[in-house]
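The values are calculated or read from the model by the stated rules, or taken from the named source; none is laboratory data. Computed from a prediction, not measured in an experiment: that's the story for all the values here. Here the Cβ positions follow ideal geometry from the backbone for every residue, glycine too, while neighbour counts run over all protein chains shown. All accessible areas refer to the heavy atoms of the entire protein, side chains included, with ligands and DNA or RNA removed. Shrake-Rupley method; radii C 1.70, N 1.55, O 1.52, S 1.80 Å.
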Amino acid sequence: AKVPTVRAFLIRRLAQTGETPILDKLIEQTLTKDAKPADQLAVLREMNEGLKGRRKVEMPKSWSAAFASIVASPDADVRSQAMSLAISFGDPTAVEAQRRILNDAKAAPGARLDALQALVKVSDPKLAPSLQTLVGDETLGAAAVRSLAAYDDPKTPEVLLGAFDKMSADLKRDALATLCSRPAYADALLAAVEQKKLPSAALTADLITQLRNLKQPSLNERIGKVWGRS
């Protein structure tokens, strides 16, 4: 079902403000318990569209009650859209639900990937260990490796370098890009090259540039010894 064009435009524009009082009123007036699933779905879609690109928005007071009702909807699309909106609000209930899906090896791969992306979107502070366990996963490995760049976790270099030899060429490229993303990761990467655990030829010119862009004098000195000065 589609919200009438003018109403849809208005809902989306109101959501785009990202302002908590406005979102609070919008939820209060449209996502009521007696609203039809088709209307709930249309509103949720417009709100999600309006908030697209925002990593996290302060959760409106009216959301918890609305979510408790909507998430029990018999309509799978309504539940999915509600979960997406809840993630945008950093709703702890929704975040925990996504963690459970991601860490459930029996869950559908697509659902686990959606959960991973949702948790990255809100910078879930508990995500790094889960990503590290997924580095070798056939379906989720690439997303996990790339997403680890967003987290400053001391175990990440060890995990990526330990699994490196078993990775596909594309995954190796993703792993190297992640290792070039942070000074601490770069330190471990350069140590592996210096100790001949990783061939210097594995790092292409753009990755070396990425290392230099970290603007760390000590790293640049080591880079110069291996690949020459820029």
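Points to keep in mind about this one:
- Whole-percent pair-distance distribution, where bins are 10 Å wide, for the alpha carbons of segment 52-173: 13, 41, 30, 13, 4, 0
- Prolate is the label for segment 112-230, because a/c, from the alpha-carbon gyration tensor with a ≥ b ≥ c as root eigenvalues, is 1.5 or above and a/b exceeds b/c.
- Evaluated on segment 139-204, the Kirkwood hydrodynamic radius is 11.7 Å, with distances taken between all distinct Cα atoms.
- Estimated translational D of segment 166-215 in µm²/s (Stokes, Kirkwood radius over Cα pairs; 4 °C; 1.567 mPa s): 119
- Links that overshoot a 27 Å alpha carbon limit, given the list LYS106/LYS166; LYS56/LYS166; LYS33/LYS56: LYS56/LYS166
- For LYS52, the lysines whose Cα falls under 20 Å of its own Cα, not counting residues fewer than eight places away in the same chain, are LYS2, LYS25, LYS121.
- Summarising the overall dimensions of the chain from its C-alpha atoms, the Rg and Dmax are 21.9, 69 angstrom.
- Ranking of LEU44, LEU214 by solvent-accessible surface, largest first: LEU214, LEU44 (1.4 Å probe, protein heavy atoms only, all chains present).
- The chain: relative contact order in percent, alpha carbon pairs under 8 Å with at least 6 residues between: 11
- In segment 32-115, the convex hull through the Cα atoms has an average projected area of 5.5 nm², a quarter of its surface area.
- Test item: Cα-centred dipole of the chain, Lys/Arg +1 and Asp/Glu -1 on Cβ, debye: 440
- Student exercise, segment 151-230 dipole from Lys, Arg, Asp, Glu Cβ charges, in Debye to nearest 20: 260
- Heavy-atom accessible area per residue - the chain, 1.4 Å, Å²: 54
- Summarising the label geometry, the points placed 7 Å from Cα in the beta-carbon direction at ALA202 and GLU49 lie 4.6 nm from one another.
- Computing FRET efficiency as 1/(1 + (r/R0)^6) for ILE22 and ALA76, where r is the C-beta to C-beta distance and R0 is 25 Å, gives about 0.30.
- Rg [Å, one decimal], Dmax [Å, integer] - segment 1-47, C-alpha atoms: 10.0, 27
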